[in-house]
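One structure is given here, and the rest of the page talks about it.
The values are calculated or read from the model by the stated rules, or taken from the named source; none is laboratory data. If you're wondering where the values come from, they're calculated on a predicted model, not measured in any experiment. Backbone-built Cβ (ideal geometry, glycine too); neighbour counts: all protein chains shown.
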Amino acid sequence: MTNQRQRWPALPVSDWEPTYDTLHMYTQILGKISLALRPMTNHWWQVALELSARGLRTAALPHGDRTFEMELDLVDHVLHIDTERGERRTVALGRPVRDFYTDTMTVLDELGLPVAIWTHPVEVVDPIPFDEDTVHSTYDPAQAERCWHVLCQVEGVLDEFRSRFTGKASPVQFYWGSFDLATTRYSGRPTDPPPDADTITRFSYTAEQSSLGFWPGGTWINGMRVEQPIFYSYTYPEPSGVRDQPVSPAAARFDASLGEFVLSYDDVRRADDPRGAILDFAQSTYESGARLQHWPRDVLEWTPPTPPSHRRAMSAT
């Protein structure tokens, strides 16, 4: 049980919200640089960050005939900027967002990689432009690293769930606007976004989809503030009757205010098998929506073969 607590530590928003808010703004700066440089991909896939062995990073970013990438190192708590020429520059974390933004842009200029971005954060209440933000200045390295370790645990489970699907599906991606880790499956049929959709939503909801993700909490979903870390799952468009479908594990439920199935992270971390609880939630909520929308599941789902190295490891235990 001790090892399980270490792998799935408590993550109450109230314990680390000031650090959370600062880290959120750091990730938005990296995300907006990606947005400025990478070509538009369906459902905004090109702007998402990905987990690395040390934190969160961009993909390789094109800049004319140059290439670079950026990584928020949440072990040493610096931003690494690496170029195709072998150059590496670092920017320290733990300072006001304004200083972090200014230093990051200065380093890019010095490397001959200038980038212009819209400096207003998105998907947050009362956004402060990065170049003016001295409010978000609290950064506890241990708290930031703890969140990253939780994200690493979650990513492995979401990646396993994604592997069961042969149709169009997103990678497991970290979205810096809403600060969540998610993967989405698609039926292969187009649909229309909501009539009142904003720009982000309009380009996200162009196809039937089933989305699964993890929020550390403290963010706003559909106008509601989520006060605790949760796993979420929803089908778009929402099929009639989905809210009444039975799902697993027993702690999972449909939250009418959010319009999504939810499972508390605390219920997962206290479970005898946290990984199994997440996979049960993922599979049962996906099936509820896909069944009601009549997805061609026989051609979209499969059982991946176990790699030989995994088979040897299992036989040795």
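Which one is surrounded by the fewest Cβ atoms within 10 Å (Cβ to Cβ), of the residues in region 89-103 that are β-branched (Val, Ile, Thr) and in contact with a helix residue (DSSP H, G or I) (Cβ under 6 Å, 6 or more places away or on another chain)?
Here the residue is Val91.
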Qualifying residue in region 48-55 (condition: more than 22 Å from Cys147 (Cβ to Cβ), at pLDDT 95 or above and either assigned to a loop (DSSP other than H, G, I, E, B) or not basic (Lys, Arg) (or both)): no
Output for region 116-136, where each listed residue is at pLDDT 95 or above and crowded, with 17+ Cβ neighbours inside 10 Å: Ile117, Thr119, Pro121, Ile128, Phe130, Asp133, His136
Residues located in region 249-287, provided they are among the small types (Gly, Ala, Ser), farther than 30 Å from Thr206 by Cβ and part of a loop (DSSP other than H, G, I, E, B): Ala250, Ala251, Ala271
